[in-house]
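In what follows, a single structure is set out as structure tokens and then discussed.
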């Protein structure tokens, strides 16, 4: 781990020539909140009647240009899951 002075000097270099590629504080906080969220999601999964988990290609969190693709993937996945349910269970979700 580089020292404070080495990190400061590295920050003053052009981005392409930086030696240390450490995550920023907001990025670290965001990642830690994701880890907490995932563990809570797994714990709460036991209490659900129906859980949708569509597969979405990797992307950045704030990449709003992919919004329509993500919604379409979720909609398609939901239709597949609901179509696979018996009729009596499917009626619960109408």
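The table below gives the values:
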quantity	calculated
Residue pairs meeting the criteria (Cβ under 7 Å; at least 6 apart or on separate chains; first in a loop (DSSP other than H, G, I, E, B), in segment 76-94; second surrounded by 10 or more Cβ atoms within 10 Å (Cβ to Cβ))	none
Residue list for segment 30-64, restricted to those being in contact (Cβ under 8 Å) with a residue 12 or more places away in the chain and part of a helix (DSSP H, G or I)	30
Residue under evaluation residue 67, criteria (1) surrounded by 11 or more Cβ atoms within 10 Å (Cβ to Cβ); (2) in a helix (DSSP H, G or I), criterion not met	(1)
Total residues in segment 65-74, condition without any contact (Cβ under 8 Å) to a residue 12 or more places away in the chain and either under 27 Å from residue 91 (Cα atoms) or in the same structural domain as residue 28 (by TED's automatic domain parsing) (or both)	2
Test result for residue 30, in contact with a helix residue (DSSP H, G or I) (Cβ under 8 Å, 6 or more places away or on another chain) and surrounded by 10 or more Cβ atoms within 10 Å (Cβ to Cβ)	no
Close pairs from segment 6-27: first modelled with pLDDT of 85 or more, partner outside any loop (DSSP other than H, G, I, E, B) and surrounded by 11 or more Cβ atoms within 10 Å (Cβ to Cβ), Cβ under 7 Å, at least 6 apart	18/10; 19/10; 20/7; 20/10
Residues of segment 33-49 that turn out to be surrounded by 10 or more Cβ atoms within 10 Å (Cβ to Cβ) and more than 20 Å from the chain's Cα centre (by Cα), as a count	0
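The values are calculated or read from the model by the stated rules, or taken from the named source; none is laboratory data. Please read these numbers as outputs of a predicted model, since none were measured by experiment. Glycine also receives a Cβ, built like all others from the backbone with ideal geometry; neighbour counts cover every protein chain displayed.
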